[in-house]
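Each remark here refers to the structure printed beneath this line.
Values in this text are rule-based calculations from the coordinates and carry no lab data. Keep in mind it's a predicted model, so treat the numbers as computed, not measured. A quick note on method: Cβ atoms are made from the backbone with ideal geometry, for glycine too, and the neighbour counts reach across all protein chains shown.
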Amino acid sequence: MGYNPTVNNAEVPATSSFWGKFFVYISFLLITPIFLFILSRNNLIRNKEKIEETASDIDVQLKRRVDMLTKLIDSTKQYMKYEKDTLSAVVELRSQANKNLNVKELDQINNAVTSQVGKINVLINVLLENYPDLKVITV
């Protein structure tokens, strides 16, 4: 009555030949060192980039420190010049006031002193407005 094939449904374990096993082992032995070489090379490159980045950060901080110290020195020089000019003006006015002069000369000196004090007040106001906000904590 029809086709009656003979079928064997028994389990057949998979086997490999000697050359198949040899090829797998040789491939493993060749690929593993290459893989390890690539991993170690990438790790070294990553570490080198981290070192360069850190060195660059240090350079930036050193440059920032130099700039900040330069600004601090400049503002200190300006402050010293201002103090010197103010002290010179005060000494000059005191020396003129201490001289034995007549009333007319005293009036002239008084007017000069008043104008000098006005100029000094203007300078003080200008310097206070432009004076940098120095904070020891942030330095």
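Label zone (F35, point 7 Å along Cα-to-C-beta; backbone nitrogen cut-off 14 Å) within the range 7-27: 24-27. Here F23 and N47 are evaluated by their C-beta separation; at R0 = 35 Å the FRET efficiency comes out at 0.45.
Loop-located GluC sites (Glu not before Pro) across the range 1-74 with a Cβ neighbour count of 16 or fewer within 10 Å are E11, with loop assigned by DSSP.
Cβ crowding within 10 Å, taken as a proxy for footprinting-reagent exposure, orders Y79, Y25 from fewest neighbours to most as Y25, Y79.
Charge tally for R64 (other residues, Cβ to Cβ under 13 Å; Lys, Arg +1; Asp, Glu -1): 0.
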